[in-house]
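Shown next, in structure tokens, is the structure this report addresses.
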Amino acid sequence: MSAENERKDEPESRVALSESEVRFRLLIDSLQDYSVFALSVDGRVSNWNLGAQRLKGYSTEEAIGLHISIFFPEQENAERVPERILRRAEADGRAEYEGWLVRKDRSQFWGTVILNPMRDQEGRLRGFSNVARDLTERKKIEKAQAFLAEAGEVLTGSLEYERTLQEVARLAVHSMADWCTVAIRGSQGLAVVSAAHANRARETWTRELLRVLPLEETKLARGIGYVVRTGMSDLCPDTMEASWVRAALGVDTPERLMELGARSYMCVPLKARGDTFGAITFVSATPGRTYGSAELTLAEELVRRAGLAVDNARLFRKAQEALKARDEFLSMASHDLRSPLTSLRLQLQAVRKDMQKGDGGTRSPEKLSSRVEAMVRQTDRMLHMMDALLDISQMTAGRLELKRQKLDLVELVRDSVSTLDEELRQAGVELRLHAEGPVEGAWDRLRLEQVVDNLLSNAVKYGKGQPVDLTVSTEGKVATLVVRDRGVGIAPEDQGRLFDRFERVRLDREVTGYGVGLWIVRRVVEAHGGSVNVESRLGEGSTFIVQLPLTELARTQPGRPQETEPEARPPAFH
């Protein structure tokens, strides 16, 4: 090719090269998620893309000529990190750094920097390519996952829910708050039960600055009371712009709110099995740390796990208390079963001794008959106790079956009263029955006798020798049995647990019991579709009200066995 032709082709080559450079520049600028630019041999910026401008905050004019060290925090510069990664890239052909980087406004972000040497055809170093990326969101996710993993270990490390709540507060101030409080709903309002501060010396001070939120203040439209009432989280990125924050946090004066230094806050409901029983408040007092949706999501996950841990701790405590009550019950039941068994053994030994006499003397039939009668009574007593224990087992397992038959509740009550003649006489109690006529319905005779026996025995125990009134009546399709004594009465705080299993409300130190009598009453009555309630005041006696639907036999479940002859009555068991 002639020199003239070469000169003709040269402009076209230059145009193609220029177009290639433009396309390459467009490609680089399109990578807005990446900071891509070139460095000189000594580490100074020689070009700049839009991604670098967005990430670092410098314009092209500002960036050209800056040394790479300006993008690193002071600590990394003090350790000569920029120079070291430049030399590593030159020596190894590549260098990578992941850590904190600095923007023009001196704010920091977590990112990665990859340096590669740029060499000419002779292998001479001409500079470095720099590719950087913002990994702050990934870092937040990793940090959140690590935080929740640590929280999981802490929350499962204790089955004491008070300690669990305190650990939650400490976890919060370790990673996401300057101070944190846990408020639990109680009879007087919302009370702070746990508090933590980034400065442990100020934890007591923080707790003292906060007060109990009375019930009337839980109706605020924002804050702790709102969260507990609605079960919804509350977020305030900037408390300085919210006049309601002081009341919502439960801080009693503006001066104390200033002392706490609250700048941003969020409050998350504490729940267990759908029930909101408290709230956890996270407060930032650090300038620049503002709560947003991401922080709220993390807080909600932490509190959700805390709620599960607290629920597990409560269930464990309840199980421990139930086991303790069961052991006490079994101990008392064993003692009471041993008493008739011991008496029976003594009677049998006496009979055997009498039968083995070899003196040829006559044996008294009256004496032998008396001992046999005593043995029968003791045997019946043990059988009654065993039946009652079986009843408890069946009711606990939910296998209580009813054998309905047509009954007159008034007649049934009279029969029950007659069996208590001896007990009433010894206690000196007058029992008065009020009924205008028969009250008929389809009920299980044995079970209702059990109800009446337990209520009457309970009235005799705690009636202090005063008269006991029984009233049987009907209204519409409901039969009502009322048992009223004039004894010691029951405190309001004890009435709610009176019908729970193994609950022994101590009304009289001289009276003992197993704590299952009234529980059996409730189970039997509810199995009939009825209800039982108590009205009582200390020192004025108690009134138990049983209501039973007047179910007809035709409406009972088909295939259910119907009694023709009542069996031996199950015993009262107290």
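Listed values, structure above:
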{"read-out": "Residues that are surrounded by fewer than 18 Cβ atoms within 10 Å (Cβ to Cβ) and under 15 Å from Met176 (Cα atoms), drawn from region 271-314", "value": "Ala285, Thr286, Pro287, Gly288, Arg289, Thr290, Gly292, Ser293, Ala294, Thr297, Glu300, Glu301"}
{"read-out": "Region 508-528 residues that are assigned by TED's automatic domain parsing to the domain that holds Asn454 and of a type in the set (Lys, Arg), paired with ones that are at pLDDT 75 or above and not in a helix (DSSP H, G or I) (beta carbon under 7 Å, 6 or more apart)", "value": "Arg522/Phe499; Arg522/Val532"}
{"read-out": "Hits in region 352-376 - residues which are in a helix (DSSP H, G or I) and modelled with pLDDT under 70", "value": "none"}
{"read-out": "Residue in region 462-475 that is among the charged types (D, E, K, R) and in contact with a strand residue (DSSP E or B) (Cβ under 8 Å, 6 or more places away or on another chain) present", "value": "yes"}
{"read-out": "Test result for Arg486, assigned to a loop (DSSP other than H, G, I, E, B), more than 30 Å from the chain's Cα centre (by Cα) and modelled with pLDDT of 85 or more", "value": "yes"}
{"read-out": "Flag if Ala91 is of a type in the set (A, V, I, L, M), more than 16 Å from Lys56 (Cα to Cα) and either out of contact with any Pro (no Cβ under 9 Å at 6 or more places or on another chain) or modelled with pLDDT of 90 or more (or both)", "value": "yes"}
{"read-out": "Complete set of residues in region 187-202 that are without any contact (Cβ under 8 Å) to a residue 24 or more places away in the chain and closer than 23 Å to Gly225 by Cβ", "value": "Ser187, Ala191"}
{"read-out": "Pair list, Cβ under 9 Å, 6 or more apart: region 162-175 residue in the same structural domain as Asn312 (by TED's automatic domain parsing), other residue aromatic (Phe, Trp, Tyr) and buried (at least 18 other Cβ atoms within 10 Å of the Cβ)", "value": "Ala169/Trp179; Leu171/Phe147; Ala172/Trp179; Ala172/Phe282; Val173/Trp179; Val173/Phe282; His174/Phe147; Ser175/Phe147"}
{"read-out": "Close pairs (6 angstrom Cβ cut-off, 6 or more residues apart or separate chains): over 12 Å from Leu165 (Cβ atoms) in region 272-285, among the aromatic types (Phe, Trp, Tyr) anywhere", "value": "Val283/Trp179; Val283/Tyr265"}
{"read-out": "Residues satisfying the stated conditions in region 183-241, i.e. more than 24 Å from the chain's Cα centre (by Cα), buried (at least 17 other Cβ atoms within 10 Å of the Cβ), at pLDDT below 70 and under 21 Å from Leu171 (Cβ atoms)", "value": "Thr206"}
{"read-out": "Options Arg106, Arg126: the member that is out of contact with any Cys (no Cβ under 9 Å at 6 or more places or on another chain) and modelled with pLDDT of 90 or more", "value": "Arg126"}
{"read-out": "Top-ranked residue of region 101-144 - restricted to ones that are of a type in the set (Phe, Trp, Tyr) and closer than 18 Å to Arg54 by Cβ, ranked as surrounded by the fewest Cβ atoms within 10 Å (Cβ to Cβ)", "value": "Phe109"}
{"read-out": "Test for Val505: is it under 30 Å from the mean Cα position of the chain (by Cα), modelled with pLDDT of 50 or more, surrounded by 16 or more Cβ atoms within 10 Å (Cβ to Cβ) and farther than 16 Å from Val451 by Cα", "value": "yes"}
{"read-out": "Evaluation of Ala294 against (1) part of a helix (DSSP H, G or I); (2) modelled with pLDDT of 80 or more; (3) touching a Phe, Trp or Tyr at 6+ places or on another chain (Cβ under 6 Å) (one fails), failing number", "value": "(3)"}
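The values are calculated or read from the model by the stated rules, or taken from the named source; none is laboratory data. Fair warning: this is a prediction, and the values are worked out from it, not measured in the lab. Here the Cβ is made from the backbone with ideal geometry for all residues, glycine too, and neighbour counts use every protein chain on show.
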